[in-house]
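Okay, structure first, notes after.
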Amino acid sequence: MRMKQLVHGLAAAAALALAGPAAAQMPYTGGGAVVHSSTGGVPQDIPATVLKPEGNGPFPGVVILHDCSGLGGASSGSPGRWGSLLAGQGYVVVIPDSFLPRGFPEGVCTVQSGAGVDNKVGPRARSFDAYAALAYLRSLPFVDGKHIAVMGGSHGGSSTLATMVITGAPQIDAQRRDGFVAAVALYPGCGAQYGREWRVTRAAATGPITEYIGTYQPAAPLKILIGEKDDWTPAEPCRVLAERAVAAGHPVTIKIYPGALHAFDSAFPPRYLPNRRNVNKPDGHGATTGGDAGAWADAIKEVTAFFAARLKPGS
């Protein structure tokens, strides 16, 4: 029953994309799947939604990592909107539910770190789910296993950064270089540690960043899209991350949307949410979210062109 609810919920969310900047979609078929993940050596079956274009393929694929609201009743709907759009463009989309099987069916936007949430479903933990979804896609006969990307927004964007970073561990990095060929991180939290080389320091556990250390290196081209006025995952750490990566010769690009807030890819009006966990606020709480039609429409163009160039060679 839960799998049917997940599929139907995402299908409804995907349909909402038609009311926003996204263009009309091509037909696609949806269904449920289970991907076999492992975090810290603990096996975990992860329910996932699969969206497939009509036809025999082989199609390129995209793994979408959901945000902190998850895929239950409190979901932002963003994974469904992007999934609908990309399936309509000829990609097989897989959206794994990292939260449900680990005890957070309504998301983790307000759950404090003391509850063990970071170890269970933090960005590094979710990177295992991303590679499990990649393996699942490569097992499908109608998928072009050499052309698969990963993307996500907010918590999913941070998880995308964790999925793509070169760690310095040879065995892990060999898998990553043979993994996703492109990645898009929408408004990710760049002010965190990714791999061994990129991290930040703060004067306190929460609040402003005081120092940036090292360089972020992705395993494949990475695009970051973020709002200038984002107070939940600020743009400045991402600007520094991208600037340092480019200076070191790594394929990272960034676009900062003037005036845009967190979760700009929605039709929701701006609102302040005082109970959101936010490491960038001095007291650790509160964030502003809200859609921006112009930024959302441009993000669709950016993602469409970025994926087409890397996942549909010769098209």
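Only one of Met151, Met164 is among the hydrophobic types (A, V, I, L, M, F, W, C), modelled with pLDDT of 95 or more and farther than 17 Å from Gly83 by Cα; which? Being among the hydrophobic types (A, V, I, L, M, F, W, C), modelled with pLDDT of 95 or more and farther than 17 Å from Gly83 by Cα holds for just one of Met151, Met164, which is Met164.
For Tyr131, indicate whether it is over 22 Å from Leu311 (Cβ atoms), touching a helix residue (DSSP H, G or I) at 6+ places or on another chain (Cβ under 9 Å) and among the hydroxyl-bearing types (Ser, Thr, Tyr). Judged against the criteria, Tyr131 is not a match. Taking each residue of the stretch 267-288 that is of a type in the set (Val, Ile, Thr) and looking for partners that are crowded, with 16+ Cβ neighbours inside 10 Å and in a loop (DSSP other than H, G, I, E, B) with beta-carbon atoms closer than 9 Å, six or more apart or interchain, yields Val279/Gly189; Val279/Gly191; Val279/Ala192; Thr288/Lys229; Thr288/Asp230; Thr288/Asp231; Thr288/Trp232; Thr288/Leu261. Looking at the structure I just gave you, is Thr288 in a strand (DSSP E or B), out of contact with any helix residue (DSSP H, G or I) (no Cβ under 6 Å at 6 or more places or on another chain) and polar (S, T, N, Q)? It is true that Thr288 is in a strand (DSSP E or B), out of contact with any helix residue (DSSP H, G or I) (no Cβ under 6 Å at 6 or more places or on another chain) and polar (S, T, N, Q). With respect to being touching a residue at least 40 places away in the same chain (Cβ under 8 Å), closer than 27 Å to Pro47 by Cα, surrounded by fewer than 24 Cβ atoms within 10 Å (Cβ to Cβ) and of a type in the set (Lys, Arg), Arg177 fits the description. A search for C-beta distances below 9 Å between a residue of the stretch 224-236 that is touching a residue at least 24 places away in the same chain (Cβ under 8 Å) and under 15 Å from Asp265 (Cα atoms) and any residue that is acidic (Asp, Glu) and in a loop (DSSP other than H, G, I, E, B), counting only pairs 6+ apart in sequence or on different chains, returns Leu225/Asp265; Gly227/Asp292.
Screening Lys229, Lys223, Lys146 for residues that are of a type in the set (Lys, Arg) and in a loop (DSSP other than H, G, I, E, B) leaves exactly one candidate, Lys229.
List, please: which pairs have Cβ atoms under 8 Å, are six or more places apart or on different chains, and start with a residue in the stretch 298-314 that is over 14 Å from Tyr91 (Cα atoms) and end with one that is in a helix (DSSP H, G or I)? That search, which allows pairs on different chains as well, returns Ile300/Leu85.
Only one of the listed residues (Ala87, Ala133) is surrounded by 24 or more Cβ atoms within 10 Å (Cβ to Cβ), in contact with a Leu (Cβ under 8 Å, 6 or more places away or on another chain), in a helix (DSSP H, G or I) and small (Gly, Ala, Ser). That residue is Ala87.
Working carefully through the options Phe128, Phe180, Phe104, find the one that is aromatic (Phe, Trp, Tyr) and in a helix (DSSP H, G or I). Phe128 is the lone residue from the list that is aromatic (Phe, Trp, Tyr) and in a helix (DSSP H, G or I). Figure legend. Inter-residue proximity from the stretch 198-212: first residues part of a loop (DSSP other than H, G, I, E, B), second residues loosely packed, with under 11 Cβ neighbours inside 10 Å, beta-carbon distance below 6 Å, spacing 6+ or different chains. Indicated pairs: Ala203/Thr210.
The values are calculated or read from the model by the stated rules, or taken from the named source; none is laboratory data. Please read all numbers here as calculations on a predicted model, not as lab measurements. Because the Cβ atoms are built from the backbone with ideal geometry, glycine has one as well, and the counts that use them run over all protein chains shown.
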